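Trainee: Please read through the structure below; I'll follow up with questions.
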Amino acid sequence: MKHVQESQEKSQRGTNNHHIEGEEYVDNSSLDIAKDDMFAKGQSKRIWSELYKVLDSSDVVIQVLDARNVPGTRSLHIEKHLKKNAPHKQLILVLNKCDLVPSWAIRKWVKILSKDYPTLAFHATINNSFGKGALITLLRQFSKLHSDKRQISVGIIGYPNTGKSSIINTLMGTKCCKAAPVPGETKVWQYVTLTKKIYLIDSPGVVYDVGDDEVETVLKGVVRSERLKDPVDFVKPMLERARKEHIQKVYGVQDWTDDIDFLTKVAKAKGKLLPSGEADMPTVAKMMINDWQRGKIPYFVAPPRPEGEEEDEEDEVAGEEGEALEKLQPGGDADDDDEEGEEEGEEEEEIEMDDEEEEEEDDVEDEEDDADDE
C-alpha cells in the first residue's frame, strides 16, 4: 500500500511512466487509471447495488443472454447467488438476438441450457418478434406457483447491450422503456406493469469480472466505441473472428493485407478521409465496432460439440451462416416476415383472451372476498 501511494505521488509530480522489474509496484498515470475505469463499466458498486435490489424484489428472474456469445454473457456468479441465497426464486434464461445466429446453433444452446434452467429463444422487436407468447405463458405458469400473492415481480437482468429493455418493450407491445443498440442506456431499475398479476423490473447491465481483456470487453458490447482512445487496436481481432466472406459482403472490400490496409480501403470506399487526403482510421474503426456491437457483422460462438457426435455439420453450418448473413441485408424475404407477423398476431390474440380470463377470475375473487367480509 505504501508503494502504491508513493507511485501515485510521483505521477502527480509529472514523472514519466515506468516499470521496474523486481519491484512490487507499477507507476500508473492518470490516463491509465481513467482507461481502467472505462473498461470496468458495469462493475461499479452503484450498479451492483441496483442489481441486488432487483434480485431481492423479484419472484422470478430472467437472465438475458446474447445469442451471439452465450458463454461470454452468462453470469454464473448470479446463478450461484440465487441457488445459495434464494432457491425459492425461479430463473429463466432468454437467448435474445436469435435472429443474428443460425437456427441450428440456437437449438443446440437451448438444449444445453435447458438442462439447468428453463431456456427460450427470443427476438426482441415490437412488430415481428419471436418467443413473446412462449415467455408470457411461462411467466403466467410461474405466477400460479405464487398463488399467495396478488401479483409477482419479474426482474430482468444481464450484461450491457443484451437487449433487456427491448424485451420489455416487446412484451408490452409498445416502447415503454428507453432502449438503444449501445450499452449503458438504462441507468436505474424501473417497474413496468405487464398484466394485473405480473410486474416487470428493468435493470442496468451488470458485468461480473471474470478476467476479460480489453478486446473481449469491447466486443461483448460493454464499452461504447466513442469512448475508446485507440479504436484501431480492436479492428484486427474483429477481422480474425469474423469470416472473410462476411466482411467482404458487409464492407465491399475484397482483399487486404492487414488491419491497417483494410481500414484504408474502407475509408476510401466510404469517403472517410482527413483534409490531407489520408484515411480517417479512428472514425472507420469506431464505425466497424458499432457494426459489430449492433450485429451487422455476422459472428457467433458455436455451442460445444458433445463427445461422440459425428462431424458432418460443416456444410450445414456454412449454409446457416449464409442464411444469417442474408437476414442482415436489406430486402430480405418478405414471406418470412409475413409468416412471423401472422404467428405473432395469433399469439397476441391468445394473450388478450388470457387477459380477459384473468380479469374475470380477479372479479370472481373480489366478489368472494366481499362475501367473506359480509
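Trainee: Taking only the alpha-carbon positions of region 55-103 and ignoring solvent, what does the Debye formula give for the base-10 log of I(q)/I(0) at q = 0.26, 0.27 Å⁻¹?
Mentor: Listed by q, the Debye log ratios stand at -0.95, -0.99.
Trainee: Can you pull the Rg over Rh of region 200-304, Cα-only, Kirkwood?
Mentor: On the Cα set of region 200-304, Rg over Rh gives 1.01.
Trainee: Also, quick follow-up: Relative contact order for region 53-143: what is it in percent, counting Cα pairs under 8 Å that are at least 6 residues apart?
Mentor: Numbers: 99 pairs, mean separation 24.3, N = 91.
It comes to 27 percent, rounded to a whole number.
Trainee: Now for a different question. Of K108/K296; K244/K270; K115/K296, which sit over 21 Å apart, Cα to Cα? Before the final figure, lay out the partial values.
Mentor: Working: K108/K296 23 Å; K244/K270 19 Å; K115/K296 31 Å.
Violating the 21 Å Cα-Cα cut-off are K108/K296; K115/K296.
Trainee: Given a 1.4 angstrom probe, I'd like the percentage of the accessible area of region 109-158 that is carbon and sulfur, rounded to a whole number.
Mentor: Details: 1280 of 2410 Å².
Result for region 109-158: 53 percent of the exposed heavy-atom area is carbon or sulfur.
Trainee: Could you work out how much longer the chain between A86 and K144 gets when fully extended? Use 0.36 nm per residue separation minus the Cα distance between them, nm to one decimal. Kindly include the intermediate steps, with their values, before the conclusion.
Mentor: Working: separation 58, 0.36 × 58 = 20.88 nm, distance 1.85 nm.
Answer, rounded to one decimal: 19.0 nm.
Trainee: Please report the projected area of region 56-147's Cα convex hull averaged over all directions, in nm². Before the final figure, lay out each step's value.
Mentor: Numbers: hull surface 25.8 nm².
With the hull built on Cα positions only, its mean projection is 6.5 nm².
Trainee: Order C176, C98, most accessible first, counting only protein heavy atoms with a 1.4 angstrom probe. Don't skip to the answer; put the middle values down first.
Mentor: Details: C176 55, C98 20 Å².
In descending accessible area the options line up as C176, C98.
Trainee: Find how much the distance from L76 to E226 grows on full extension, using 0.36 nm per residue of separation minus their present alpha carbon separation; answer in nm with one decimal.
Mentor: Working: separation 150, 0.36 × 150 = 54.00 nm, distance 2.97 nm.
Going from the current span to full extension adds 51.0 nm.
Trainee: Over region 227-312, give the accessible area per residue in Å² for a 1.4 Å probe, as an integer.
Mentor: On the way: 4930 Å² over 86 residues.
Per-residue value: 57 Å².
The values are calculated or read from the model by the stated rules, or taken from the named source; none is laboratory data. All values reported here derive from a predicted model rather than from experimental measurement. Heavy atoms of the whole protein, side chains included, go into the accessibility calculation; ligands, DNA and RNA do not. Shrake-Rupley method; radii C 1.70, N 1.55, O 1.52, S 1.80 Å.
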